[in-house]
Amino acid sequence: MASNDFSLVDVAGWEWDLHGIYSAYLGHFQAYNIAWYDRSWGHLFASFDAFLNHNWPVVVVTDARTGRGHIVTRQSNIQAFVRMIRTRFGENMPMANENMTAVIPYEHGQRQLRHISDVNMYKKLHNTLPAAVLAALRSRVKHGNPKEISRLWQRKDMSFLALDFEWSEKSLVVLEMGYAAIRSAHLEASGVWPPIPESNYRKGHYIVSDYVDKVHNRIAPTFPWDYAWGESQLVNKAKLPEIIQALITSLASPDSESTANTLVLVTHTPAGMLERLQELKLPSNLLVVDIAMLERQLFQSRPQTPAMPMMRLPNQTLPLPMLLTSRNIPFLCPFNNSGNDAFYTLLAFQHLIEPETTRLPPPRVKQRDGYPMVAAPPPMPQNGSFSMGILNGAGSGMRTMNGNGGTTRRLSAGLDELSVAQQAARMSMMNGSMPSFFPPAGQNGGSSSGSIKGTGPRGRPPNQGPNKSDRDSESRRRSGSMPRSIGPSGPSSPRLPPDQQRSNSRPKMINGGSSHGH
């Protein structure tokens, strides 16, 4: 009989499949011409049910290599079975390890210990294997296992849905919802594979009309009107849960405790979003892919050479814009727009799985009056050799967000008309090149050093002389109360004696520029 006591054991050492032990012994008898049926202990191998009468301690695990479920026992329990035969029947029984099925448990925690003494109990426990396999699969996919995720993609019968939300920083109400989806079975049946992002992604963007242009985030500003891949739709906040529920149920298969859902949710750092989605009663067998974890697993699996150094901290994940840049995926539209975030999340997922066959779409930006046309930022090498300052947003003039992992930000929420150009400028300067939207020297009658159209240095109108602070600085230089030049670092240059000074000297500008005439 089985013990009813509930106890947990560490899975380390539980590596021998119980049914595989019985099968291995029959194979051993056949290989060495042992007439087991004529031995005094032969009745123990007459059937699997008779073999189980030994009352085997077992646990349920999944194999880390194959993902299959197994009912396993320990080596010490096999040795106890051999000692029992020697004690009761006076014969030595070999271990037959060469034919046994060894399992590498994927689980690392404790598992419930059970005792099996007949085939009916084995059947009941065997019926729990699909649920164990599903739980292990969900864990593998969640932690970015490239092999399992690639297997889901190659099945071509799954649906992949990228969801993204923008929340209010104060009240946590939903401001926007965006999505992008791939129906693999439909595309495969239509003879379209791999998917073409621009034409084969089902995508959309919804703005909650109750809060648009009324609720503004200060830490991570949102850009609801900058959706670049279609038309945004204004909806009432009461209708948004209904829209999300309809979207999910149109792609998901029925809930099950033993098989995975055909819907795979693709996200980037999904921690906060999944808790909120539980209000919609998501299927319990839903698989969730975090592309940040997937990219990290792929990066860590690459061989590192002196020509391709690793300039990332251990276990560091990339924010979405950095992830796109590391994969040479161009983009222009601002992030913290849920529609743009969802589209590029799904695109990055497809590119991580099939980089050779993914057709990258040209970058888009919402065309509105006042937006300058800019070129795509230059690609960044895929070897992961990021500068630590860049990854931390330091030294590049960038401002990072706190919502979905970090992205280029506007310096002010009010600079709507220049936001796209500024973001492209920062991404370009980060990669060592200047953007193409700066006006050339002499354009509009201004100095080439002006960063905004129609302005000279320090924001003054072009072709005008120095302001009051400039005149005061020049007066201090003439009087000797201020050094002639200020270097990039260290103390200023000492003053020369009057007899060594140049006779016909002009006031020297602080930054080496010439003085402006009136």
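Hey, with R₀ at 22 Å, roughly what FRET efficiency would Glu188 and Leu274 work out to, going by the Cβ-Cβ distance, to 0.05?
With a Förster radius of 22 Å, E is 0.20.
So how do 258-270, 37-49, 103-115 stack up, highest first, on mean other-Cβ count within 10 Å?
258-270, 103-115, 37-49
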(request) Set the Förster radius R0 to 30 Å, insert the Cβ-Cβ distance between Lys123 and Val82 as r into 1/(1 + (r/R0)^6), and round the FRET efficiency to 0.05. (result) 0.70
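Which percent of the accessible heavy-atom area of region 93-239 goes to carbon and sulfur, probe 1.4 angstrom?
Using a 1.4 Å probe with all protein chains present, region 93-239 comes out at 51 percent carbon and sulfur.
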(message) Please compute the length gained on full extension between Gln316 and Asn33, using 0.36 nm multiplied by the number of residues separating them and subtracting their Cα-Cα distance.
(response) 96.1 nm
(request) Heavy atoms only, probe 1.4 angstrom, no DNA, RNA or ligands counted: give me Trp16, Trp153 ranked by accessible area, highest first. (result) Trp16, Trp153
(message) Given a 1.4 angstrom probe, what's the average accessible area per residue across region 114-233, in square angstrom?
(response) 47
(message) Taking R0 as 30 Å, what FRET efficiency do you get between Ala238 and Ser284 from their Cβ-Cβ distance, rounded to the nearest 0.05?
(response) 0.65
(message) For Asn217, what residues show an amide H to amide H distance below 5 Å, using hydrogens built from the backbone and excluding near sequence neighbours?
(response) Thr222
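The values are calculated or read from the model by the stated rules, or taken from the named source; none is laboratory data. Just so you know, these numbers come straight off a predicted model, no measurement behind them. Don't worry about glycine lacking a Cβ; one is built from the backbone with ideal geometry, like all the others, and counts go over all protein chains shown. Surface accessibility is based on the protein's heavy atoms, side chains included, excluding ligands, DNA and RNA. Shrake-Rupley method; radii C 1.70, N 1.55, O 1.52, S 1.80 Å.
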